[in-house]
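Here is the structure we will look at, set down as structure tokens.
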Amino acid sequence: VEDVSELMRPPWTSWLPGAWYSGDVRVTVRSYRAPEPAAQALDPVIDALLSDADQPFVLATLGSNTGVALAPEDSPLVRIVEALGTLPCTAVVALGADTDPASWTGPRPDNVHLAGFVQQQQLLPACDLFITHAGANGIRESLAAGVPMVALPLYAEQPANAARLAELGAGLAVETADPKSLAEAIAEVLDDPSFRRAAQGLQHDI
């Protein structure tokens, strides 16, 4: 297009409900339900973890592009695993589809299962918390499942998504991703039912 403002003209088509948007754009939003994911069996190891879990269940993933966009030393995955290891929860951390968990050189807490690819849409409905980089697809899938989030925005539109998530009360945005700050944010979202209620309210709208 000759002028990028043409891209902003209504109507917008979105997988997220109108309540996600603020300001003038909200009145022009049309929301649609995303198609249901194809039925897939969960990884047997993760399925067993769910069956045996007697404490909050947490999923953490930074999306499929993070491994390409960030150098390994810039990824917060090590800090996420370390933070989860200090908390009374059962967690699955997806390292990326191209990453073999056997090659992981970071911490390996007993309560954290490391995986490459995780069937996110199948697993989210069973989760108490989703740790995400605040990409649009992850946020949509988590809200569609009514699951609150801790967001660690990395680039692109993610800081704005994380800020909006916090404004709506469906999660917390963490800018300083040291293990202590992360653990505090994770514990707060797990302990305060208002985050789950806000996520479920958006789920209802979806």
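The residues of the stretch 109-131 that are among the aromatic types (Phe, Trp, Tyr) and more than 11 Å from the chain's Cα centre (by Cα) amount to a single one, 117.
Cβ-Cβ distances below 6 Å connect the following pairs, each with a first residue in the stretch 135-151 that is more than 18 Å from residue 163 (Cβ to Cβ), a second residue that is open to solvent by less than 10 Å² (accessible area, probe 1.4 Å) and aromatic (Phe, Trp, Tyr), and a separation of six or more residues or different chains: 147/130.
Considering only residues that are in a strand (DSSP E or B) and touching a Phe, Trp or Tyr at 6+ places or on another chain (Cβ under 7 Å), look in the stretch 95-151 and name the one that is surrounded by the fewest Cβ atoms within 10 Å (Cβ to Cβ).
First pass over the stretch 95-151, keeping only residues in a strand (DSSP E or B): 112-115, 129-132, 149-151.
Filter once more, so that each one left must be touching a Phe, Trp or Tyr at 6+ places or on another chain (Cβ under 7 Å): 114, 149.
Working: 114: 20, 149: 26.
Looking at residues that are in a strand (DSSP E or B) and touching a Phe, Trp or Tyr at 6+ places or on another chain (Cβ under 7 Å), I get 114.
Taking residues in the stretch 29-49 that are within 30 Å of residue 9 (Cβ to Cβ) and aliphatic (A, V, I, L, M), and partners anywhere that are open to solvent by 70 Å² or more (accessible area, probe 1.4 Å) and in a loop (DSSP other than H, G, I, E, B), the pairs with Cβ atoms closer than 6 Å and at least 6 places apart or on different chains are 34/15. Any residue at all in the stretch 158-170 that is on the phi > 0 side of the Ramachandran plot and in a loop (DSSP other than H, G, I, E, B)? For the stretch 158-170, residues on the phi > 0 side of the Ramachandran plot and in a loop (DSSP other than H, G, I, E, B): present. Restricting 92, 25 to residues that are modelled with pLDDT of 80 or more and either buried (at least 18 other Cβ atoms within 10 Å of the Cβ) or not aromatic (Phe, Trp, Tyr) (or both) narrows the list to 92. Taking the criterion of being under 16 Å from the mean Cα position of the chain (by Cα), at pLDDT 90 or above and farther than 23 Å from residue 204 by Cβ, would at least one residue in the stretch 133-147 satisfy it? There is at least one residue in the stretch 133-147 that is under 16 Å from the mean Cα position of the chain (by Cα), at pLDDT 90 or above and farther than 23 Å from residue 204 by Cβ.
Once the stretch 54-77 is narrowed to residues that are surrounded by fewer than 16 Cβ atoms within 10 Å (Cβ to Cβ) and farther than 14 Å from residue 132 by Cβ, the residue that is modelled with the highest pLDDT is 55.
The set of residues from the stretch 173-198 being within 17 Å of residue 133 (Cα to Cα), hydrophobic (A, V, I, L, M, F, W, C) and touching a helix residue (DSSP H, G or I) at 6+ places or on another chain (Cβ under 6 Å) comprises 173, 174, 177, 182, 183, 189.
Hey, could you check the stretch 156-200 for residues that are open to solvent by 60 Å² or more (accessible area, probe 1.4 Å) and farther than 23 Å from residue 55 by Cα and say which is modelled with the lowest pLDDT? Checked the stretch 156-200; the qualifying residue modelled with the lowest pLDDT is 176.
The values are calculated or read from the model by the stated rules, or taken from the named source; none is laboratory data. As the structure is a computational prediction, the values presented were derived from the model and not from experiment. Using ideal geometry, Cβ is built from the backbone for each residue, glycine included, and neighbour counts are taken over all protein chains shown. Note: accessible area is taken over every heavy atom of the protein model, side chains too, but ligands, DNA and RNA are not part of it. Shrake-Rupley method; radii C 1.70, N 1.55, O 1.52, S 1.80 Å.
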